[in-house]
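> The structure under discussion is supplied below as structure tokens; questions concerning it will follow.
We did not get these values from a lab; they are worked out from the coordinates using the rules stated. It should be emphasised that the depicted structure is a prediction, and the values quoted were computed from it without experimental measurement. With ideal geometry, Cβ positions are generated from the backbone for all residues, glycine too; neighbour counts draw on all protein chains shown.
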Amino acid sequence: MLKDAMEQARQGRKVYVVAADHAEKQRLEDLLGEDSGISVGALSSLGNFDWPSMSLIGAHSNCFVLADHFAIGKHFRRALEMLHKYGVE
């Protein structure tokens with residue numbers, strides 16, 4: 001995911017990564033480095049993240065948003081449990 005984020009940033013897009021929590025936010029920022037130009041936000045502090053569209057409400061149309069798999073797992077924990085338990089084999 002971070003490789004894709006860095007590639008999108010290199011192509012001139014504004015990139016935003018949604019992290020599961022503040023500790024994960026810090027870890028991702030450390031991996032990306034200060035000069036990446038990629039913004040990382042903790043899920044708990046994002047009031048404008050829209051899960052159905054996977055976008056930031058009010059963000060520029062050039063904004064490329066990625067949700068870390070930990071954030072997805074945290075938000076959709078029960079749905080994922082059901083998918084794995086009852087999903088089609």
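> What is the diffusion coefficient of the chain in µm²/s, taking the Kirkwood radius over Cα pairs and the Stokes-Einstein relation at 4 °C with a viscosity of 1.567 mPa s?
On the way: Rh = 13.8 Å.
D = 94 µm²/s.
> Tell me the mean residue ellipticity at 222 nm calculated for the chain from its helices only (DSSP H runs of n ≥ 4, each -39500 (n - 2.57), averaged over every residue, nearest 500).
Details: 4 runs with 37 residues, N = 89.
After summing the helix terms and dividing by residue count, I get -12000 deg cm²/dmol.
> Of Leu28, Leu66, Leu46, how do they rank once you tally other Cβ atoms within 10 Å and put the fewest first? Show your work: numbers first, answer last.
Details: Leu28 23, Leu66 18, Leu46 15.
The most exposed by this proxy come first: Leu46, Leu66, Leu28.
> Sorting check: for 54-60, 16-22, which peptide has the highest mean count of neighbouring beta carbons within 10 Å, and how do the rest follow?
Packing order, densest peptide first, comes out as 16-22, 54-60.
> Could you check what % of the DSSP bridge pairs in the chain are antiparallel, to the nearest 5?
Here the share of antiparallel DSSP bridges comes out near 15 percent.
> Under a cut-off of 16 Å between alpha-carbon atoms, report the lysines in cross-link reach of Lys14, not counting same-chain residues fewer than 8 places apart.
Candidates past the 8-residue exclusion: Lys3.
> Which chymotrypsin sites (Phe, Trp or Tyr not before Pro) from segment 19-85 combine a DSSP loop assignment with at most 14 other Cβ atoms within 10 Å?
Working: sites: Phe49, Phe64, Phe70, Phe76; in loops: Phe76.
Qualifying residues, ordered by number: Phe76.
> Also: Give the lysines whose C-alpha is closer than 18 Å to that of Lys85, dropping any in the same chain fewer than 8 places away, or say none.
Within the straight-line limit of under 18 Å, Lys85 reaches these lysines: Lys74.
> Name the residues of segment 45-72 whose amide N is less than 18 Å from a point 7 angstrom out from the Cα of Glu81 along the C-beta direction?
Within reach of a label on Glu81: 70-72.
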